[in-house]
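One structure is given here, and the rest of the page talks about it.
Computed from the coordinates by the stated procedures, all read-outs in this text should not be read as laboratory data. This one's a predicted model, so the numbers in the text were calculated from it and none came from an experiment. For neighbour counting, all protein chains shown are included, and Cβ atoms are generated from backbone atoms with ideal geometry for every residue, glycine included.
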Amino acid sequence: MRLLIQFAALQGLPLKLTTGVRSYRNMEIYGESEHQRYDSTMYGFADMVSLTFGAPDMQRTDSNTSRLQTPESLLPGDMLVQANDRAGIGHHVQLVTSSSPSSISIMQGNSSGVIVRPFTTIMRIFGRNRADPQSASYAGMGVENGHYAPSEDGWDYRNETTGAEVKDFLRQFQLYRWNFAAFNR
């Protein structure tokens, strides 16, 4: 999401990201009532949006994205949303950086520590939001690189940062592309 926000800001492009509660537009100037702690810059906008925008919001095909059906249709900038292992509800996102018939390269953020309810709710009550990049208890870690390669069983995954490997891992993901036309509505 941060890459999309930075790209749109640097190119002067409109961006509209919708959650289950509200929509964020990068072309609007958010006043102090909207976010006292965040600058009206692309970085402040990204931090503000990340408080409520998550993997399930990447699956909003009516506003944020459109669904792709096959790995062969992937282009750089498309997203893999891990959801098929949790009844279709997204919980992890990987960004496609290159794609060919023999390989799909990705970048991904990961998190440390416990990031499930009710733990995160209790943490917020005590003023520690695990989703807030400006919080000392932020769960985000550095960006990791990985790739998928076709095999007899499907698409096998290797995390180039940690060395972790998972057979036929792509089957746990749904494929999405940003819905750029919806950003202008």
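So the values come out like this:
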| read-out | value |
| --- | --- |
| Fully extended contour minus Cα-Cα distance, from residue 41 to residue 6, at 0.36 nm per residue | 11.6 nm |
| Length-normalised contact order of the chain in % [C-alpha pairs under 8 Å, at least 6 apart] | 22 |
| Candidates 120, 65, 18: whichever shows maximal mean-square fluctuation once the chain is modelled as a Gaussian network with Cα springs under 10 Å | 120 |
| Net length gained if the chain between residue 91 and residue 27 were fully extended (0.36 nm per residue, minus Cα distance) | 20.3 nm |
| Fewest-first ranking of 2, 86, using other Cβ atoms within 10 Å as the exposure measure | 86, 2 |
| Taking 28, 152 and counting other C-beta atoms within 10 Å, the order from fewest to most | 152, 28 |
| Highest-fluctuation residue, 55, 164, 149 considered, GNM on the chain with Cα pairs under 10 Å | 164 |
| Net dipole in debye of the stretch 65-184 [+1 Lys, Arg Cβ; -1 Asp, Glu Cβ; about Cα centre; nearest 20] | 640 |
| Inter-probe distance in nm under a simple model that places probes 7 Å from Cα toward Cβ, at residue 103 and residue 63 | 3.8 |
| Proxy reagent accessibility, fewest Cβ within 10 Å first, across 105, 151 | 151, 105 |
